[in-house]
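We did not get these values from a lab; they are worked out from the coordinates using the rules stated. Fair warning: this is a prediction, and the values are worked out from it, not measured in the lab. As a convention, Cβ positions derive from the backbone with ideal geometry for all residues, glycine included, and neighbour counts pool all protein chains shown.
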Amino acid sequence: MASADVRNIVILTGAGVSAESGVATFRGPDGLWEGHRVEDVATPEAFVRDPALVHQFYDARRARLGEVEPNAAHRALARLDAEWPGELLIVTQNVDDLHERAGAKRLLHMHGELTSAWCLACDERFPWRGPMAPSAVCPEPVEGLSCSSSGAREGQSFDKLRTDGSVNRCPSCETVGMVRPDIVWFGEMPYEMERIDEALTKADLFVSIGTSGAVYPAAGFVQTARYCGARTLEINLEPSQGSIFFDERHYGPAGVEVPKWVTELVDNMA
Ligand code: BJW
């Protein structure tokens, strides 16, 4: 793909770009979290059914962010972002912060971020670093409430539970027990769809990296970009579900294939 013909680039990344940093993918052999499928913990219904379980899932992953580092693929994309003179947008489905820690700036998180929280009481979003679940020890008996094994029951907010210090309190309206992960769950609208659609319609090159193509609307971006005239490139460990829609395919670890592709593109810049 000659870079002289390319000015506007859209890059979609998925869990595979962070795999070599030690972040688990969703649908691989290690793609279960303590026996739960992502579809069972990443829905609004799951959160209502068992908020403690869902908080535990996201608290564990938020804590893990401190133990992982960007890899060669994140760094190569940050280099491309810094050096590419045309338009470029990195759309990540990932909720980790490895792209920005590598230095990427022209980036958006369409499925939300682990380091962001959303208050359901006042609708504010704000940065969040520590655990979000109050450590839900079974409280002294509170009238009308009982503890399930996971510390909460259907429809129950955490405000009546005694905690050991981690309080689920909104810093804006101060309501306790109504802060949830700022993550796009199944059935919810991903972020910044208008901006993504606009970039896809203008793209000369669409590159998909480390995603299985199993989750929409991201899985459909390749078809939109292609329909609007972009060349399309897939970089993944193996053919994704949408591999037939790509003009070019590079299969191998992102930490090897992405730096190779970026070097080629940047070295041949017009
Ligand atoms: C490597 C590698 C290495 C490994 N190097 N590669 C029926 C038909 C069509 C659609 C639907 C349907 N029923 C419901 C829907 C809609 C639904 C959906 O798509 N469901 C599917 C299960 C079918 N989508 C939604 O509900 C979305 N909202 C929505 O559609 O709103 C309405 C709407 C209407 C119109 C326009 C727009 C919107 C919301 C989806 C929210 C997804 N949320 C999750 C969890 C939250 C985030 C979190 O907790 O982290 O996001 S699900 C999970 O999957 C996560 C990911 O971002 C997402 C995608 O996964 P990803 O990144 O592709 O990871 P994997 O594990 O699947 O693949 C990794 C790949 O990497 C593999 O291919 C490996 O080979 C590869 N790999 N190591 C390179 N080293």
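The chymotrypsin sites (Phe, Trp or Tyr not before Pro) of segment 33-68 include none that meets both conditions, a loop assignment by DSSP and at most 14 other Cβ atoms within 10 Å of the site Cβ. The 3J(HN,Hα) values that the Karplus relation (6.51, -1.76, 1.60; θ = phi - 60°) gives for segment 242-252 are, in residue order, x, 4, 5, 8, 9, 6, 9, 9, 10, 10, x Hz. Gly and Pro appear as x.
Net charge near residue 197, counting Lys/Arg +1 and Asp/Glu -1 over other residues with Cβ under 15 Å of its Cβ? For residues surrounding residue 197, the net value is -1. Projecting the Cα positions of 88, 43, 98 onto the charge dipole of segment 25-107 (unit charges on Cβ atoms of Lys, Arg, Asp and Glu, taken about the Cα centre) puts 88 furthest along the positive direction. Take the Cα of residue 249, step 7 Å toward its Cβ, do the same at residue 60, and the gap between the two points is 3.3 nm. Computed extension gain for residue 5 through residue 256, at 0.36 nm per residue and net of the alpha carbon distance, reaches 87.9 nm.
Between residue 266 and residue 83, the simple spin-label model (points 7 angstrom out along Cα→Cβ) gives 0.3 nm.
Model label points for residue 69 and residue 48, set 7 angstrom from Cα along the Cα-to-Cβ axis, are 4.5 nm apart.
Which FRET efficiency, nearest 0.05, do residue 120 and residue 191 yield, Cβ-Cβ r, R0 25 Å?
Numbers: r = 17 Å, r/R0 = 0.67.
The value I calculate is 0.90.
Using θ = phi - 60° in the Karplus curve 6.51 cos²θ - 1.76 cosθ + 1.60, the 3J(HN,Hα) couplings for segment 191-207 round to 6, 6, 5, 5, 5, 5, 4, 5, 5, 5, 6, 9, 5, 8, 9, 10, 10 Hz; x is entered for Gly and Pro.
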